[in-house]
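Structure first, then comments.
The values are calculated or read from the model by the stated rules, or taken from the named source; none is laboratory data. It should be emphasised that the depicted structure is a prediction, and the values quoted were computed from it without experimental measurement. Here the Cβ positions follow ideal geometry from the backbone for every residue, glycine too, while neighbour counts run over all protein chains shown. Side chains included, ligands, DNA and RNA excluded: accessible areas come from the protein's heavy atoms. Shrake-Rupley method; radii C 1.70, N 1.55, O 1.52, S 1.80 Å.
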Amino acid sequence: GEHPHAPALLTNLEVMELLQERLTAREASSSDGINNKLPSFQSRDWIEQTVFDYLKSSPAGSSDVKLDDMPKLIETLRREPSVRTATTDADDIKFDESDDKSLQGYGLTTAETLQVLNHLPTSLVELHLLIEDLEKRIPEEEKQMEFLRLLSQYSGREVEEADEEEETNDMDK
């Protein structure tokens with residue numbers, strides 16, 4: 001299980017939001033004429049600004065992801081994949097795709113979820129780098145692409161469609 005004293009894991013987006021609040025508050029107090037530029041705080045201020053600028057340029061910072069949307073996305077990433085079951089209504093076997101999609105999960109670990117939220121992968125290659133044994137856990141490439149498209153709905157980042165031809169060209173070189 002989890003270590004009882006393990007720190008809560010924060011996504012880059014959450015850290016960015018926190019730093020944004022601190023930077024904004026600091027600007028407000030310095031405009032009130034309070035001299036906040038004590039030498040002891042200059043390093044801290046510089047570090048916070050630098051980290052903020054770095055995160056802003058990272059995938060999480062340059063995406064459209066909203067903190068309010070995160071819990072729902074995290075729930076989907078963590079939820080164990082459901083085995084699709086057919087519902088039988090008066091001899092009609094239906095696969096309810098709409099419900100199935102909304103309840104579909106990917107069974108990611110906490111660490112993988114954090115990595116995915118920080119990097120917001122847009123290609124299968126990135127996905128393979130972030131999720132251990134991806135080909136065993138999400139065997140169908142179409143499902144992997146669905147995963148990327150799900151992230152894209154939250155992040156607004158364009159998904160690189162799988163291109164079979166590109167792979168064979170690389171082999172020839």
## Note on the structure
Taking the stretch 105-115 and keeping residues in a helix (DSSP H, G or I) and closer than 11 Å to ILE74 by Cα leaves THR110, GLU112, THR113, LEU114
### Query
Quick check: anything in the stretch 134-152 modelled with pLDDT of 90 or more, open to solvent by 20 Å² or more (accessible area, probe 1.4 Å) and under 11 Å from the mean Cα position of the chain (by Cα)?
yes
### Task
Considering (1) modelled with pLDDT of 65 or more; (2) charged (D, E, K, R); (3) surrounded by 10 or more Cβ atoms within 10 Å (Cβ to Cβ), say which one ASP96 fails and leave the rest.
(1)
#### Entry: helices (runs of 4 or more DSSP H) wholly inside the stretch 116-156 that include at least 1 residues being in contact (Cβ under 8 Å) with a residue 24 or more places away in the chain and either hydroxyl-bearing (Ser, Thr, Tyr) or touching a Cys at 6+ places or on another chain (Cβ under 8 Å) (or both)
141-155
